[in-house]
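Asks: I'd like to ask some things about the structure below.
Values in this text are rule-based calculations from the coordinates and carry no lab data. Treat the numbers as computed from the prediction; the structure is a model and nothing was measured. Glycine gets a Cβ as well: all are built from the backbone with ideal geometry, and neighbour counts include every protein chain shown.
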Amino acid sequence: MNLQQPATNDWYFDSGATSHMTSDPNALSHIYFSRYPSPSSIIVGNGSLLPVTATGSTQLPGSFFLNNVLVSPNLIKNLISVRQFTSDNNCSIEFDPAGCSVKDLRTRRLLARCNSSGPLYPLCRPAATALLGGLSSSLWHRRLGHPGHESTW
């Protein structure tokens, strides 16, 4: 089985991944090369081991953070560990047949809506309508001087 497909800059949610993973160290804003990275390899579905050459971190659109990203040159997709992502970003992810929604864990506010036309769930930019809606609502409350919203105007 040949897994050689062109790598992309897109990131995909993976509920089975225990770590974030990429083949491209340039996808990371901070990278750490170590003589003995930990873990030293990634176990894939067929039991094969892929070597880890570095670890790092980055910030994705929407101010989402990916910490402890494993770099392995043989990967063909950038994978986001759902468990690690929700912990690092204090959010929840809801999957549905059309895609997924990333929500703030405390407020349940929509942070990003990621539509999917294929078998994978890509991470997309934040929902513009959610961001604008939240901003205009916040401004409206500030203008009216609603309790809990300090007026700075």
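Asks: How much length, in nm to one decimal, is gained on full extension between residue 90 and residue 105, taken as 0.36 nm per residue of separation minus their Cα-Cα distance?
Replies: Full extension from residue 90 to residue 105 adds 4.8 nm.
Asks: Additional query: How far apart, in nm, are two points set 7 Å out from the Cα along the Cα-to-Cβ line at residue 18 and at residue 40?
Replies: Spacing of the two 7 Å Cα→Cβ label points: 1.6 nm.
Asks: Another question, then. Tell me, 43, 80, 93, 31 in order of fewest to most beta-carbon neighbours within 10 Å?
Replies: Fewest to most other Cβ atoms nearby, the residues stand as 43, 31, 93, 80.
Asks: On to the next question. Using Cβ counts within 10 Å as a stand-in for footprinting exposure, how do 38, 92, 116 rank, fewest first?
Replies: 38, 92, 116
Asks: Which value in nm describes the separation of the simple spin-label points at residue 10 and residue 115, placed 7 Å from the Cα toward the beta carbon?
Replies: Placing both labels 7 Å along Cα→Cβ, they lie 1.4 nm apart.
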